[in-house]
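Okay, structure first, notes after.
None of the figures in this text is laboratory data; all of them are computed from the coordinates on show. Only a predicted model underlies this, so the values are computations on that prediction, with no experimental measurement involved. Quick reminder, even Gly has a Cβ in these numbers, built from the backbone with ideal geometry, and neighbours come from all protein chains shown.
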Amino acid sequence: MNRLATTFTGLEFENPFVLASAPPTESKRKILRAFEAGWGGVVTKTIGLHPVENVAGPRTIFQRASDEKPYVSRSKRADTVSHSSWNWELISDQPLDLWLPDLEEIKSTYPDRMLIASIMAGAGNEEEMENWRKLARACVNVGCDAIELNLSCPHMDRKDMGANIANDEDIIRSILKAVTGAVSVPIWVKLTPSTSALVDAAGAAYDAGASAISLCNTFPSLPLIDPETLKFEVEVDGLVTSGGLGGLAILHQALQRVSDISRAYPDKAISGIGGIRGFREAFNFIAHGAGNLQVCTAAMEEKGSGGVGVKLIQELKDDLNEYMERKGYSSIEEFRGIARERIVEHSQVRRKSDAYNGGYEIAS
Ligand SMILES: Cc1cc2nc3c(=O)[nH]c(=O)nc-3n(C[C@H](O)[C@H](O)[C@H](O)COP(=O)(O)O)c2cc1C
């Protein structure tokens with residue numbers, strides 16, 4: 001019996017662990033290696049139609065925290081543990097025409113693994129809606145099982161793309177209308193965590209036909225300045241701009257956002273992302289309602305695996321399986337969402353006395 005098998009948005013996953021859209025899924029070579037290693041699915045690095053030119057310097061740094069004289073830095077030191085990734089990488093610079101034969105070969109080599117194409121175009125006019133349709137149709141025609149709409153890239157100059165549009169319910173609806181009208185596979189929508197309107201944005205996406213919300217993309221953030229050199233830890237010609245924080249440092253924020261959506265729409269699907277390094281983080285996402293788990297930073301950090309988390313996927317599967325066997329669970333559905341009802345309003349948490357009325361005076 002395969003306890004790890006899950007059905008998510010109607011797709012059969014042999015295990016719920018998926019490599020997120022990022023460098024681990026940027027090429028055919030890496031995706032084939034990831035499937036060989038045992039990942040249940042991959043979301044491709046985001047594919048688009050607009051020009052892409054990355055910064056003239058490192059695109060990603062990995063930051064570590066030390067215990068002795070604690071500080072977070074990318075600098076190599078003894079006895080450190082992973083803290084986060086920080087990146088300002090744009091979407092894939094491989095054009096759609098080159099992606100399509102690769103996707104076809106990947107799917108025919110691993111027909112039982114789930115291949116999700118992440119796509120991104122602009123908004124606000126019919127030409128951009130046609131770009132969404134074109135990208136979705138092309139990927140589905142070569143065998144992709146689902147589409148993930150990237151409405152969350154945190155470092156786009158274009159105001160009609162990525163995280164810049166994820167607060168706009170009309171735009172979310174218009175993109176979903178275009179894509180659901182063009183293809184009939186499940187559509188996952190990756191939203192930005194960086195908004196106070198997340199629950200409404202997710203509601204608009206579900207209402208307009210999204211099969212799942214994927215959450216979180218990286219959090220907008222700045223790299224640190226080294227006090228000695230006065231340089232940013234990553235910069236080009238002394239300049240830097242907002243980039244995305246990922247990895248362990250975002251785990252708690254990601255869980256809170258997944259919980260918000262899961263409690264607002266308990267019957268809807270969520271793919272949980274943000275800081276998963278092992279079974280315990282994955283478990284937490286499932287407990288808050290996620291039925292699928294995506295991983296990026298931890299896979300990139302694994303040495304000797306070409307950045308696709310060969311040891312990581314084995315550990316994730318073994319540890320989840322061992323836990324489920326020990327607890328008598330036959331499917332993650334049996335404990336998915338168990339934390340939901342224990343997340344309450346602040347004032348619903350018991351006080352030492354009855355004198356507290358949510359910050360308001362008690363009427364006499
Ligand atoms: C270098 C890098 C590039 C990324 N590129 C993309 C991308 O093209 N599309 C996308 O949807 N997310 C992208 N992401 C975000 C990841 O898919 C993921 O949402 C985020 O890193 C949080 O997961 P983690 O904590 O496991 O890293 C990227 C992340 C990193 C670190």
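Given the condition surrounded by fewer than 18 Cβ atoms within 10 Å (Cβ to Cβ) and under 30 Å from residue 130 (Cα atoms), answer yes or no: does some residue in the range 73-93 qualify? Yes - at least one qualifying residue is present in the range 73-93.
Among the residues of the range 199-218, those that are of a type outside the set (S, T, N, Q) and surrounded by fewer than 22 Cβ atoms within 10 Å (Cβ to Cβ) comprise 199, 200, 203, 204, 206, 207, 208, 209.
In the range 316-357, what residues are of a type in the set (Val, Ile, Thr) and surrounded by 15 or more Cβ atoms within 10 Å (Cβ to Cβ)? Working first, answer last.
Taking the range 316-357 first, the residues of a type in the set (Val, Ile, Thr) are 332, 338, 343-344, 349.
Selection gives 332 alone.
The residues of the range 197-237 that are in contact with a helix residue (DSSP H, G or I) (Cβ under 8 Å, 6 or more places away or on another chain), within 17 Å of residue 174 (Cβ to Cβ), outside any loop (DSSP other than H, G, I, E, B) and away from the ligand (no atom under 15 Å from the Cβ), listed by number, are 200, 201, 202, 203, 204, 207.
Of the residues making up the range 65-102, those that are outside any loop (DSSP other than H, G, I, E, B) and under 20 Å from the mean Cα position of the chain (by Cα) are 82, 83, 84, 85, 86, 87.
Selection of the range 138-151 for residues being in a helix (DSSP H, G or I) and either free of Cβ contacts under 8 Å to residues at least 24 places away in the same chain or within 23 Å of residue 8 (Cβ to Cβ) (or both) yields 139, 140, 141.
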